[in-house]
Every structure is written in C-alpha cells, then in structure tokens.
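Working notes, beginning with the structure itself.
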Amino acid sequence: MGIVQSFAQGHWVAPKGNVEPVHSALTGEVVAELGSEGLDFGAMAGHARRIGGPNLRRMTFHERAAMLKALGQAVMARKEELYALAFATGATRADNWIDIEGGAGTLFSFASKGRRELPNSQILIDGDTEILGKTGSFIGQHVYTPLQGVAVHINAFNFPVWGMLEKLAPTWLAGMPAIVKPAQQTAYVAEACVRIMLETGLLPEGAIQLVSGKAGDLLDHLTGQDVIAFTGSARTAELLQRHPVVAREAVRFTAERDSLNASILGPDAAPDSPEFELFVKEVAKEMTVKAGQKCTAIRRALVPAALIDAAQQALSARLAKTVIGDPRVEGVRMGALVGRSQLDDVREKIAELSRQAPIVFGDPEHVELVGEGLEGGAFISPILMRADDPWAADAIHEVEAFGPVSTLMPYRDLDDAVALANHGKGSLVVSAFTHDPDVARELVLGSASFHGRMAFIDRDCAGESTGHGSPLPVLTHGGPGRAGGGEELGGIRAVKHFMQRTALQGSPAMLSKVVGQQLAGAPIVEGDRHPFRLRFGELEPGYSVQTKFRKVTLEDIEHFAHFTGDTFYAHMDEEAAKASPIFGGRVAHGYLILSFAAGLFVDPAPGPVLANYGLEGLRFVKPLKPGESMKAVLTAKSKTLKTPDMGEVRWNVRVTNQDDELVATYDLLTMNAV
Ligand code: NDP
C-alpha cells in the first residue's frame, strides 16, 4: 500500500517527513506508512469554507441526495478493492461487509431520505408558522440553513468506511464540506474509499479533504460555524472538547465514546425459551463480530440470578465454537484486534476486570489459530468473565476492554436489572430478550433516559431483527453521559446537526417569498386559468382558485349515507344526534364535505394534474348542518420535482361555510406534469 496520502485543497499530497508505520493486524508486518507533516491545516479549513461550502450550498437537497446515491453506487461497484485492503485490519469478510456495504447503504439511506423528506430547495422549513399578531400580518417561521464552516470528522479505527460515510452523508446532505481525519491504524482503507468517491468526479471541489496522520493544529483554526464530530475514547473526547478554541468559539461538538452497553435476559425467559437461545447467540455474536471492537458491543450480560449457571454454560459452549485466525481462510469466524498495542490494552483491561470478575471462558494469553504466519498478529480468544456480586465489582461498570470481552452478571429482580443497566452511566444501546411487554415497558420507564437505543428482541421479531449492535441510518446512534452525549444518524435529524435553526419573523408575504412556500396568511393570487390547467413549471406558490357556494341538503346526506354505507347516527338519527354534546343535530359526513369540495374545485379535463395521491393534516373544524352551504379555496402551497417529468404539488384546501367560518382544512398532494 505504500504511503497513505492526504487530500488537501484539491490535491493528493504525501507527507513531507516523519512517517509512521502501520502494521498488519494479522502478521505484524508493515503494510503502510503515513504522516500529516507539511499539511497547512489553516489553509485546508479556509479551502473548505471558501470553495467547498459555497459549491455545496448552491446545490439543492435533492441534488445533494442524488450525489450521495451515485457515490454509494461507486463504492459498491469497487467494493472488492476495499475488501482486499481491509483484511489487514484483522477483520473478517463479514466484519468488512458491515463496514463497506454498511457504509454504502448509509449513503443510499440518506439519499432516499433526502429525496423523500427534504424539499428540492436550499432552505428547510421547521415546524408550523406561528401567528404573532392579532390580524396575522406578523408571523414567525423556523428554518434551517447549512452552517458556513467545515465539519471536522475525527474517526475511530474500527470502521474506516462506515464510520466515515455515516458522518459524510448527513454533512453533505446538509450542504457542508468536511475534513475527515481517520484513525491512523486503518487510514489506508479510508484513503482508498475517498479515492473511489473523488474519482467519480461528482464531488464538488472542496467538499472533502482528508488528513492521513495526526490532526496537527487543525482545531486552532475552527470557528463557531464549524462542527467537530468525534468517535473514539472518552479521554480524547474530553481533551478535544476542552480545547481553548473549541470552548471560546462554541464550536459545535458531538462525541461517540466507548460505552458499557448491557443486554438483559428477561425474567420470563426460561432456559428452554426462544428468548434464552436468542440472548446467548447475540451475546456471543457481539463478542466476536469485529473481534469485539464495536462501540455498541455487549460488555455486560445481565441474567436472572437463578439462570446464571445455565447462561454461563450455554455461552461458553457457543464461544468454544468460534474459529479464530486468518480471515481469508474458509471457516474463520473471528479475526484479530487492530494491532499489537490494542492487544496489550485489551489484556491490561482484562487483568483489571478479572480481579473483580473471574474469567470463566478463554485465556487472554493463549489462542488456537487457523492460518499460517500469524505469529506477529494481534489475536486473542473471546474472554467471558463472571461477577457474582455485580454491585461489589466497580470495574465492570467502568472499564471497557475494546475487544471480544464481556462480563456475565446476575440480577435479583427487574428493578435491580434496571439499576445495573443504568450503572454504566449512559450507553449507546441496551437490549432485552423478553417476550413480556410489561417487562419491556418497565425497562423503558426505568432505563430509556440512560441509553440512546433500546432493542427488544423476542421470537416474533428475531427473524428480521438487525440485532443489538447495529446502528441504523434511520435511527439515532449515540447515548448520554459516558457514551458521549452525542447523537448521530436518525434520518433527517442527523442532517440538522450540520445546519443552524433560525426563527424568521416578518409578514406572511415576505416570508413566503423567502422560503419559497406559501405560509399561512400570505396573499393568494387568482389568475384567469384554473390552477389544474397550469403545468408544474408554471405554477407558483400562492396561485389559487376560489369556488362557488354549494348548499348541502338533508337529501344529500341521506343519499351519501346509503350510497357509501356510512349510516352513523350523527348523520342519520336526529334524536341521537341532538343528544350528542358535539353535534346538537344531524350533520354532514366529513367525507361528504371532502367529496363536495373536490367536486367544487376540480377542473375535470385531462391536463397536467396526473394523480391525487393523498391528503395530509386533515381537520374537520366545524360541523356542517343540513341547509348550510360550503365553498373551498384551493391554493398551491409548495412544489417538489420528483423526476425529470413529474413533480409533487402540495395544495392547501380551506372549506368554509356561508358565514366564512372554517369547516375543514387539509393539504392535498397531486402529481403534476412538468
Ligand atoms: P482515540 O480516542 O485515541 O482515537 C480516536 C480518534 O481521535 C483517532 O482518529 C485519533 O487519531 C484521534 N485523536 C487522538 N488524539 C487526538 C488529538 N489530540 N487531536 C485530534 N485527534 C485526535 O481512540 P482509539 O482509536 O485509540 O480507541 C481507543 C478507545 O476508543 C477504544 O478502546 C474504545 O474504548 C473507544 N472507541 C469507541 C468507539 C465508539 O464508536 N464509541 C469506536 C472506537 C473506539 P490518531 O489515530 O491519529 O491517534
């Protein structure tokens, strides 16, 4: 692999001196060299702000989403290059699948969320319009716009591809450029992935820069428009968070730190239950996937006191089947730790933990290996420890051995299980293997505030479950306290971490033009042509049609009732309707009002409106009695191009009665020809 390069100010650059060797996790031989000497970190931050930010901000959310999709496709098309490199990190093909294809999958997920949930514009509207004055001429509207700085991503060694892409996807979708600093041990895999993305030619200049080596004085150049997204140890997180520039400039900072995640076997899960078996499988899997170097791995396995022997036996039997060695050899299930220093660190932590929780499976100094030439590798056996008195063993709730290491412990009752889970002082994830919803609810009430994610796994969902340890792009990843207090992923929530929310105030007319959407109270425009005759490109937010009045008679209501079969008493039984505290007499069906509204505002001839595909935010505000009249106002509210030929138009419909009182309101969605 030779020298791992950095990508700075639009160029690949080799270190000017002082390179560090990177060793193969399998054999110990040098596989790459890297260093960041010679990089001008201030100029890199400036390049991102001056070139990358404006380039990305010129694109709409949908253009950025399309870029993410194409980048994901490029990674998938060249994934074998990454697999070939990544074996030297000690990971198996299955581990690398999580990293490489999981990384590409995260790009796809954000691409799809961006296309479906964000507008095809540069401003994201947040929440409803707030009416601030008596007449509605002064309103408030929250919006998000991208931060105008650079997102600095400082990543951990364990997932060089996924760990990078899961941060880049929301950063780019938001419209921010990034400087990525991968951990040195696996930076050669991250570098290869960055090359693949750059070679597509799709990334605008300045959207990405890469630091292969130390971060130098990068943080000295940050401002309040920048973001740091850190993954790694609590020690480094604390150091960075306390950096004087970070503190002074209030640089946005999120951290994903090591956490002592727990998994709980429910009190209802007897040894012959499916949940017991699922629990044993999952704990063993979490210990051995990626040789336990996973921020979400199960470090503490909690079981009902009466089942601790059975759980130990079953887990040991399962762990004994783990084939360890060269991940390129058929049948190997667990590879190596990332390097010898990680091995030393894990052994040290095991020594500390085992003083309070004796080892019941595995030997930290001895492991049977499959494969040749592995003497210099960083291999270790899975190590299971057992703490019979978990409240007397502080270390098991404080010390994380970042390897295939877990501690089994008993709990007395559910309250005790909750207290033990929370004793980790904040974690990324807790899982529970229970088939009892009451147990699950107790756990949520007692424990949810301590954990970023809770997975309840039972016989009903096991088949499709993504398991305890998988962060998913659509669900938040991150946890309070010891886990770092940060949040990543979670769909569009993650995009907002890279944007500023601003409350805009002004007149409805002004703010509607600013955000490109018709806000409550903005003036409407009625033209000669019915809005259904206008093509997508011709239609502007605010374009409107007002219908004539239509009287709703008792015959209409009865006809509708018999025709549809909806003979609910409020429409058909005068006595019962009179007794109702809401209606005080017979009223028209809500669905009749909707149908009549469509009958009033629809322009029937074939034209640019291709389909009606739904209503949103429907409210029936005031009943309509027989003999009363209704009319509708249909106003184009916003539009979003979906394909080159079609776009979605969101219309607001307001139905009022003869006294101009609001009867019903909703948004109608149509698909229109461009
Ligand atoms: P570190 O905290 O040492 O490193 C994490 C990242 O921070 C690396 O990119 C590292 O770069 C960088 N870094 C370190 N010091 C500085 C600094 N002064 N300024 C800027 N960047 C810096 O963690 P490790 O990778 O060594 O892993 C150690 C522990 O972290 C693990 O044992 C585990 O407990 C935890 N961890 C947690 C993860 C999670 O997702 N929550 C994931 C992985 C690890 P460099 O490589 O140049 O030192």
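The values are calculated or read from the model by the stated rules, or taken from the named source; none is laboratory data. Since we're looking at a predicted model, the values are computed, not measured. FYI the Cβ positions are ideal-geometry reconstructions off the backbone, even for glycines, and counts take in every protein chain you see. Just the protein is used for accessible areas: all its heavy atoms, side chains included, with ligands, DNA and RNA removed. Shrake-Rupley method; radii C 1.70, N 1.55, O 1.52, S 1.80 Å.
Quick one: what pairs do we get from segment 220-231, first residue in the same structural domain as T254 (by TED's automatic domain parsing), second surrounded by fewer than 22 Cβ atoms within 10 Å (Cβ to Cβ) and of a type in the set (S, T, Y), C-beta under 6 Å, 6+ apart or different chains?
Within 6 Å, the pairs are A229/T254.
Of these, M176, M164, which one is within 14 Å of the ligand (Cβ to nearest atom), open to solvent by less than 10 Å² (accessible area, probe 1.4 Å) and either under 21 Å from R115 (Cα atoms) or within 16 Å of the chain's Cα centre (by Cα) (or both)?
M164
Being within 16 Å of the ligand (Cβ to nearest atom), closer than 29 Å to I228 by Cβ, touching a Leu at 6+ places or on another chain (Cβ under 7 Å) and touching a residue at least 40 places away in the same chain (Cβ under 8 Å) narrows it down to one of P473, P480, so name that one.
P473
Could you please give the count of residues in segment 35-47 that are crowded, with 21+ Cβ neighbours inside 10 Å and more than 21 Å from V4 (Cα to Cα)?
Counting residues in segment 35-47 that are crowded, with 21+ Cβ neighbours inside 10 Å and more than 21 Å from V4 (Cα to Cα) gives 1.
Restricting attention to segment 211-226, which residues are farther than 18 Å from F498 by Cβ and either away from the ligand (no atom under 16 Å from the Cβ) or not in a helix (DSSP H, G or I) (or both)?
V211, S212, G213, K214, A215, G216, D217
Out of segment 307-352, which residues are without any contact (Cβ under 8 Å) to a residue 12 or more places away in the chain and small (G, A, S)?
A317, S341
Hey, any hits in segment 565-575 for a residue that's open to solvent by less than 30 Å² (accessible area, probe 1.4 Å), over 43 Å from the mean Cα position of the chain (by Cα) and either within 25 Å of R529 (Cβ to Cβ) or at pLDDT 95 or above (or both)?
yes
Can you confirm whether segment 117-137 contains a residue that is closer than 19 Å to P204 by Cα and open to solvent by less than 10 Å² (accessible area, probe 1.4 Å)?
Within segment 117-137 (the criterion being closer than 19 Å to P204 by Cα and open to solvent by less than 10 Å² (accessible area, probe 1.4 Å)), the answer is no, since none of the residues qualifies.
Yes or no, residue by residue, for (1) open to solvent by 10 Å² or more (accessible area, probe 1.4 Å); (2) in contact with a helix residue (DSSP H, G or I) (Cβ under 9 Å, 6 or more places away or on another chain); (3) outside the structural domain of G114 (by TED's automatic domain parsing):
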| residue | (1), (2), (3) |
| --- | --- |
| P21 | yes, no, no |
| L26 | no, yes, no |
| R49 | yes, no, no |
| M59 | yes, yes, no |
| E63 | yes, no, no |
| A70 | yes, yes, no |
| A74 | yes, yes, no |
| A77 | yes, yes, no |
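Scan (1) more than 30 Å from T92 (Cα to Cα); (2) open to solvent by less than 20 Å² (accessible area, probe 1.4 Å) for the single condition V194 breaks and write down its number.
All conditions are met except number (1).
Would you tally the residues in segment 491-508 being surrounded by 14 or more Cβ atoms within 10 Å (Cβ to Cβ) and over 30 Å from G478 (Cβ atoms)?
3
Taking only segment 584-636 into account, find how many residues are farther than 30 Å from D573 by Cα, open to solvent by less than 40 Å² (accessible area, probe 1.4 Å) and touching a His at 6+ places or on another chain (Cβ under 6 Å).
Within segment 584-636, residues that are farther than 30 Å from D573 by Cα, open to solvent by less than 40 Å² (accessible area, probe 1.4 Å) and touching a His at 6+ places or on another chain (Cβ under 6 Å) number 0.
Test V674 against the stated conditions and say whether it is out of contact with any Pro (no Cβ under 6 Å at 6 or more places or on another chain) and crowded, with 20+ Cβ neighbours inside 10 Å.
No.
How do the pairs read when you match residues in segment 187-202 that are of a type outside the set (A, V, I, L, M) with residues anywhere that are open to solvent by less than 10 Å² (accessible area, probe 1.4 Å), using Cβ under 6 Å and keeping only pairs 6 or more apart or on different chains?
Listed pairs, sorted by first residue: Y188/V4; Y188/A32; E191/V4; E191/S212; C193/V161.
Working only within segment 232-256, note down all residues that are more than 10 Å from the ligand (Cβ to nearest atom) and hydrophobic (A, V, I, L, M, F, W, C).
If the condition is that a residue be more than 10 Å from the ligand (Cβ to nearest atom) and hydrophobic (A, V, I, L, M, F, W, C), then V245, V246, A247, A250, V251, F253 are the ones that fit.
Just checking, does segment 453-473 include any residue being among the polar types (S, T, N, Q), open to solvent by 50 Å² or more (accessible area, probe 1.4 Å) and farther than 18 Å from S233 by Cα?
Yes.
One line per residue, one yes/no per condition, for (1) assigned to a loop (DSSP other than H, G, I, E, B); (2) within 40 Å of the chain's Cα centre (by Cα):
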| residue | (1), (2) |
| --- | --- |
| R619 | no, yes |
| P623 | yes, no |
| T635 | no, yes |
| T643 | yes, yes |
| E648 | no, yes |
| V655 | no, yes |
| V663 | no, yes |
| T670 | no, yes |
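Scan segment 143-160 and give yes if some residue there is more than 10 Å from the ligand (Cβ to nearest atom), farther than 22 Å from L219 by Cβ and crowded, with 24+ Cβ neighbours inside 10 Å, otherwise no.
No, segment 143-160 contains no residue that is more than 10 Å from the ligand (Cβ to nearest atom), farther than 22 Å from L219 by Cβ and crowded, with 24+ Cβ neighbours inside 10 Å.
Hey, could you check segment 187-210 for residues that are assigned to a strand (DSSP E or B) and away from the ligand (no atom under 13 Å from the Cβ) and say which is farthest from G38 (Cα to Cα)?
I208
Just one of the numbered conditions (1) under 27 Å from the mean Cα position of the chain (by Cα); (2) within 16 Å of the ligand (Cβ to nearest atom); (3) at pLDDT 95 or above; (4) not in a strand (DSSP E or B) is not true of A229; which one?
(4)
Within segment 257-302, restricting attention to residues that are within 16 Å of the ligand (Cβ to nearest atom) and in a strand (DSSP E or B), which residue is most open to solvent (accessible area, probe 1.4 Å)?
Restricting to residues being within 16 Å of the ligand (Cβ to nearest atom) and in a strand (DSSP E or B), the top hit is R257.
Of all residues in segment 407-427, which are under 23 Å from K281 (Cα atoms) and within 14 Å of the ligand (Cβ to nearest atom)?
G424, S427
State all residues of segment 498-541 that are touching a helix residue (DSSP H, G or I) at 6+ places or on another chain (Cβ under 7 Å) and touching a residue at least 24 places away in the same chain (Cβ under 8 Å); if no residue qualifies, say none.
Within segment 498-541, F498, M499, L504, Q518, L519, A520, G521, L539, P541 qualify.
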